[in-house]
Structure formats: structure tokens, C-alpha cells
Amino acid sequence: MFKRVSIFSGNANPTLTQEICQCLEFPLGKCRVSRFSDGETFCVIQENVRGVDTYVVQPTCSPVNDSVMELLIMVDALRRASAGSITAVIPYYGYARQDRKAAPRTPITAKLVADLLVAAGVHRIVALDLHAGQIQGFFNIPFDHLHAMPAFLDQHLREHYGRDCVIVSPDAGGVERARAYAKRLDGNLAIIDKRRERANESEVMNIIGEVEGKRCLILDDIIDTAGTLVNAANALMKAGAKSVAACATHAVLSGPALSRIMESPLHEVIVSNSIPLSEEARACGKFKVVTVARLLAEAIRRIHHSDSVSSLFV
């Protein structure tokens, strides 16, 4: 199927990379990423890549700094090995929430990471559900921004959530995303107006839309500490919702997230495998994992054959 192409994986999510290779019916590239005793990351490419189109699949998830350094070092190794092109496939773009100066004397780290990737030698970026779509503008190289919506709709949502469901945006910033899902599921839309008092803490203020007696599906891009998600679920139940579930692309699940979800009225949390779930999360029984391997594999196939990728931006 492919000629002169290699797909490599960092240590952040090797299972997803293997699934992508299975979809493409292509073997995983030979690469070893290790660490010295002092913690420094080392990478060796164990096959000839001179003139080869290479793809590095690496979500920059926890441990974020280690994942970013692995990606940068792998790209540098490929560039110095004379790879024909280097595409970074980043299912989860870490530091994406630091995309602007929210206060004086603060960094824009999403831009810093973009500069580091370009300086390392990346020729193209493929990312999935960025926290802010404007991050594409931080790059002066081609950027393909994919959405996990087709995977969620085809693998779970169309079968289990339909016209009797209300798609809920947990904040004003996610209304466009929620509206797109509501349109495709032929459901109604609701919005939760919240006021964030400090980082990683939120307070639900008001619900805009009719949720009484309805099945509600909260839609977001990231579940981090799950404070917003659980507060939203509690508010919906108090407003008379019949049941509440959640759907998010990236299951970061830091700090008290898992315990909050376990104690919440959420009966189901649908996430993608852009970030690997911990064993504790898998064992709790509330999570349904949808794979984005086929979506990313199709993007790689089209990029390699110079076909249009726009139809994947649904």
C-alpha cells in the first residue's frame, strides 16, 4: 500500500500507534526511546529513513514534559538521519490551554511548543480536537486539525443517543461544538453558564435550555480535574434531567478527577483513546473508550498520497 514511509511511536501511547499501523496494514517503524540514569531522554532510529516520509505519533500527555521532549528528540533524530519529510501526529496537544496571556507577565506556552516543534524539524502537524482552534495559527507549516466527532458518532453516539437527548455545552466556549453534535444527532441544545473563580475550579451559575425529563449528554474537549464536568452534571440533575452522561475527546483525568466522576451522577463517560486510560479508570466501569485510530490512519494515508484531507474535518 505504501512506498518509502515509516510510522514511529513514542512512549506516550504506543497502543494507539499500533492500531493505526493495523488500519494501514503497515508495520511499525523500528525506534527505541529510552532514558539515561540522570533522566535524559535518548532516541535511536533503528532503520534507514533517508528520503522516507516519516510520521511520529505522540500525544503530549502526562508526563507532559517527558512526552514533549520525546517528540522533539525523535524528530531531531529523523531530521539528522535525512528523512524525506517528518509529520508529527499529535492526538493530544499538551499546553494547549496556555494559548493567550490571561494575566500580566504570563507565557503563551502553546506558541512556545509550536516554535520548538518547527525548530526541531517538523514539516507538518496533524492534531485532534485542539482546545483552541487558533493554535493552528502558531505554526508556519501545514496543519491538519481533525475532529473526533466521526468516531464518536459512528462507534457509540448514533446508537445510544438520539432525538430524546439534549446536548449540553458546559460553558459558552463549547457552544459551537455542542451545536454540531446536536445537529447530527437531531437533538436539542442546552448551555451551562458558569463562572470560574480560580484555576481548575468552577461554579455553575445557570442552565440555558430545557433539560427537565430529558437524557443529557455533556460535551467537552478535555476532562482534566473533572470539576466543571461534575458541577454541570449535578446542576442538570437538580434541574430535573432524567439522566446525565458525558463525552470528551481527551481524558486527562488529573488530580481528583476519577474520584469525582465515581461519586457523580454521571452514568457514562465516553472518551477517545487519544490519551491512554489508567487501569483505575478502566476498572471503575463508567468509561466507554472510542478509538480514533482509523481516523488518524486515514489522515496519514491521504497526506501520503497527496489526497484531500478536508472531508475528515467534519
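The values are calculated or read from the model by the stated rules, or taken from the named source; none is laboratory data. Keep in mind that what you see is a predicted model, and the values were worked out from it rather than measured. Here the Cβ is made from the backbone with ideal geometry for all residues, glycine too, and neighbour counts use every protein chain on show.
Out of everything in the range 72-120 that is buried (at least 23 other Cβ atoms within 10 Å of the Cβ) and assigned to a loop (DSSP other than H, G, I, E, B), what residue ends up being modelled with the lowest pLDDT?
Step by step, filter the range 72-120, then rank; the result is 94.
Every residue in the range 124-137 that is more than 21 Å from residue 176 (Cβ to Cβ) and surrounded by fewer than 18 Cβ atoms within 10 Å (Cβ to Cβ), please.
124
Given the options 15, 60, name the one that is of a type in the set (Ser, Thr, Tyr), assigned to a helix (DSSP H, G or I) and under 30 Å from residue 254 (Cα atoms).
The unique qualifying residue is 15.
Identify all residues within the range 214-227 that are surrounded by fewer than 24 Cβ atoms within 10 Å (Cβ to Cβ) and not acidic (Asp, Glu); write none if there are none.
214, 215, 222, 225, 227
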